[in-house]
Amino acid sequence: MKKISLMGASGSIGTQTLDIIRQHPDEFQLVAFSVGKNIHFARQVINEFHPELVSVLEKSSMEMLKAEFPSISFTYGQLGLTEVAVYNKANILVNAVLGRVGLEPTLQAIEERKTIAIANKETLVTAGHLVMESAKNYGVDLLPVDSEHSAIFQALQGENAKNIDRLILTASGGSFRDYSRADLEAVTVEQALNHPNWSMGAKITIDSATMMNKGLEVIEAHWLFSLPYDKIDCLLHNESIIHSMVEFHDSSVIAQLGTPDMRVPIQYALSYPDRLPLKNKRLDLAKIGQLHFKEMDYDRFRCLALAYQAGKEGGSMPAVLNAANEAAVAAFLEGKISFLKIEELIEQALTRHSCIKAPTLSEIQEVDEETRAYIYSLLSS
């Protein structure tokens, strides 16, 4: 039986991970998990799965739960995330938290030789060089949970990396895929959160609408599959049926297809190298009838172009990209800025930053904090 630590249990990926564990109680056991402020949800998970360690955001919440569940160990805050990540009885860490907070716990888990099922884009985006080097040094597998990277990972099983010509990441286009730049001037938060295919958290849904989500995935793919950016392309695909493709130098293309259901890549990461049955909607291509594709417009989707720019420059630039995006998206969700202002703020942050070519963990942390402070200063000016 595989024993699982789950960071970010109450988010979209977290709840679907719990569903996988629920479907396969003979295969998986939840031994530790973290949540933020959703204490009601934490109680539900504790009562159903009976974990041994639970981390919450605040000390007061920890003390409340400790009084209710005296047989369980509790912790809190950033240190609590790390305790969940390295819990000694777990052999798989599912990193499903949002934002840069997942980085340090993941690095600690790698040092403890945990297999990492990674759904937290920011870990690889901000510190891909550190994470991949550490994983190599400790002989740790990083198994992708994002549907796009899982698709590529599955397509590469049994293949030789030297034969890869390019990776093709598909993108739904998000809530505004049929909008012109002019149409985007006055879009609302509610419109942006109305994704046509996927059910995701607010931040990721906005990233999908700006196409920053795809940009972060491009940077992730660079690190996960050790390919230069000129061999990683993006393609608009409305239906989200083909999750991504690999083109080989003999012109063969291998694609992974499936319904838009994140439980599929989550379960594949947990069950790898095996596959398990999954109760979900099956793909019926005859019923779908047609699949649509369109060339990516990098002028229309400016955030994707900025992500390629930051990734190619490397060093600390992706950390700036990520921090600026997180701060700008938060401001949009709070109604402080317009939709198109997100990309403007990100570009301003990238333009002013002097790149550190091989940043240490502490330098990445400093760049992250400095970038957020810069964005906040622009918002208040």
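List of remarks:
- Viscosity 1.567 mPa s, temperature 4 °C, Stokes-Einstein D of segment 9-132 from Kirkwood C-alpha radius, µm²/s: 89
- The chain - percent of accessible surface contributed by carbon and sulfur, probe 1.4 Å: 48
- Taking Lys and Arg as +1 and Asp and Glu as -1, the other residues whose beta-carbon sits under 12 Å from that of residue 355 total +1.
- Taking every protein chain into account, the accessible area of segment 236-346 amounts to 46 square angstrom per residue (probe 1.4 Å).
- The mean sequence distance of close C-alpha pairs (under 8 Å, at least 6 residues apart), as a share of the length of the chain, puts its relative contact order at 15 percent.
- Convex hull per residue volume in Å³, alpha carbons only, for segment 274-321: 196
- Between residue 23 and residue 360, full extension at 0.36 nm per residue minus the direct alpha carbon distance yields a gain of 117.2 nm.
- Net charge, residue 306 excluded, C-beta distance under 9 Å - Lys, Arg +1, Asp, Glu -1: -1
- For the listed residue pairs 203/312; 121/341; 2/214, the alpha carbons are over 27 angstrom apart in 2/214.
- Projection of the Cα convex hull of the chain, averaged over all directions and equal to a quarter of that hull's surface, yields 19.1 nm².
- Globularity ratio of segment 1-57, using Cα Rg and 2.2 N^0.38 Å: 1.00
- Helix-only [θ]222 nm of the chain, DSSP H runs n ≥ 4, -39500 (n - 2.57) each, per residue, nearest 500: -14500 deg cm²/dmol
- Stokes-Einstein diffusion for segment 216-319, with the hydrodynamic radius set to the Kirkwood value over Cα pairs and evaluated at 4 °C in a medium of 1.567 mPa s, equals 80 µm²/s.
- Cβ-derived FRET efficiency at R0 41 Å, residue 348 paired with residue 235, nearest 0.05: 0.90
- Long-range Cα-Cα pairs in segment 149-306 (distance over 23 Å), rounded percent: 41
- The loop-placed trypsin sites (Lys or Arg not before Pro) in segment 157-224, going by DSSP, that have at most 13 neighbouring Cβ atoms within 10 Å of their Cβ come out as 181.
- FRET efficiency, 1/(1 + (r/R0)^6) with R0 45 Å, evaluated for residue 189 and residue 159 via beta carbons: 0.60
- Segment 1-54 versus segment 74-116: alpha-carbon centroid distance in Å: 14
- Excluding same-chain neighbours fewer than eight residues apart, the aspartates and glutamates reachable from residue 279 by a Cα-Cα span under 18 Å are 19, 26, 27, 261.
- Measure of compaction for segment 54-205 (Cα Rg per 2.2 N^0.38 Å): 1.30
- Once the 1.4 Å probe is applied to the protein heavy atoms, segment 1-134 comes out at 39 Å² accessible per residue.
- Whole-Hz ³J(HN,Hα) from phi, Karplus 6.51 cos²θ - 1.76 cosθ + 1.60, for segment 26-42, glycine and proline x: 7, 9, 10, 9, 7, 9, 7, 7, 10, 9, x, 9, 7, 6, 4, 5, 4
The values are calculated or read from the model by the stated rules, or taken from the named source; none is laboratory data. Computed from a prediction, not measured in an experiment: that's the story for all the values here. Ideal geometry is used to build each Cβ from the backbone, glycine not excepted, and the neighbour counts take in all protein chains shown. Keep in mind that these areas ignore ligands, DNA and RNA; they rest on the heavy atoms of the full protein, side chains included. Shrake-Rupley method; radii C 1.70, N 1.55, O 1.52, S 1.80 Å.
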